[in-house]
Amino acid sequence: MSRLASILITLWAGSLWTICGLVAPTLFAVLEDRHVAGQLAATFFFAVTLIGVVVGSVLLALSFVGKPGSVRLPGRVLVLLTAGFPLASHLVLGPLMDQARAAGNMARFGMLHAVAGACFLIACAGALVMVWRFNRPAE
């Protein structure tokens, strides 16, 4: 289980870091139309959210069928938080940002966007902790 978990965590973390740290900023730097850049970034963020939900679900399932104690409770909580923050951003903050944009309330949109960014930053940090924790050498 640990080798599969390690691979899944590494791929998940890489996708989060790539989208959050490279793809989204590059879209806004390269594309002149910020609306198009935002739509494309939202598509990528949705994809990485789905990856997190799928990989997180697999990791949780593996933690219950593996050797007892192979993934301790803090590991499960970390997986849930790392997958949950982007999912909450998509399900809760996404519609609120759409409403604010449609109403022309850019101050509210900006505040919600900052909270959504924090959700993904927390997920990136959680992924870093998981990579560090699960890829350490055998003792």
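The values are calculated or read from the model by the stated rules, or taken from the named source; none is laboratory data. Predicted, not measured: the structure shown is a model, and the values here were computed from it. Cβ coordinates were reconstructed from backbone atoms using ideal geometry, including for glycine residues, and neighbour counts include every protein chain displayed.
Keeping to the stretch 81-108, report how many residues are touching a helix residue (DSSP H, G or I) at 6+ places or on another chain (Cβ under 7 Å) and not β-branched (Val, Ile, Thr). Please lay out each step first, then the result.
Restricting attention to the stretch 81-108, the residues satisfying the condition of being touching a helix residue (DSSP H, G or I) at 6+ places or on another chain (Cβ under 7 Å) are 81-83, 85-90, 93, 96-97, 100-101, 108.
Remaining after also requiring not β-branched (Val, Ile, Thr): 81, 83, 85-90, 93, 96-97, 100-101, 108.
The number of residues fulfilling the criteria is 14.
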Check your understanding: Quick check: anything in the stretch 76-89 more than 29 Å from residue 3 (Cβ to Cβ), out of contact with any strand residue (DSSP E or B) (no Cβ under 8 Å at 6 or more places or on another chain), at pLDDT 95 or above and not aromatic (Phe, Trp, Tyr)?
Key -> yes
Exercise for review: For residues that are among the polar types (S, T, N, Q) and modelled with pLDDT of 95 or more, scanning just the stretch 1-38, find the one that is farthest from residue 123 (Cα to Cα).
Suggested key: 26
Review point. For the stretch 5-36, what are the residues that are in contact (Cβ under 8 Å) with a residue 24 or more places away in the chain and either buried (at least 18 other Cβ atoms within 10 Å of the Cβ) or touching a Gly at 6+ places or on another chain (Cβ under 7 Å) (or both)?
Key: 5, 8, 9, 12, 13, 15, 16, 19, 20
Check your understanding: Is it fair to say residue 113 is of a type outside the set (A, V, I, L, M) and surrounded by 15 or more Cβ atoms within 10 Å (Cβ to Cβ)?
Key -> yes
Study note, to complete from the structure: When the stretch 37-54 is checked residue by residue, the ones that are farther than 13 Å from residue 24 by Cα and touching a residue at least 60 places away in the same chain (Cβ under 8 Å) are 52
Exercise for review: Could you grab me the full set of residues in the stretch 83-111 that are among the acidic types (Asp, Glu) and in contact with a Leu (Cβ under 6 Å, 6 or more places away or on another chain)?
Suggested key: none
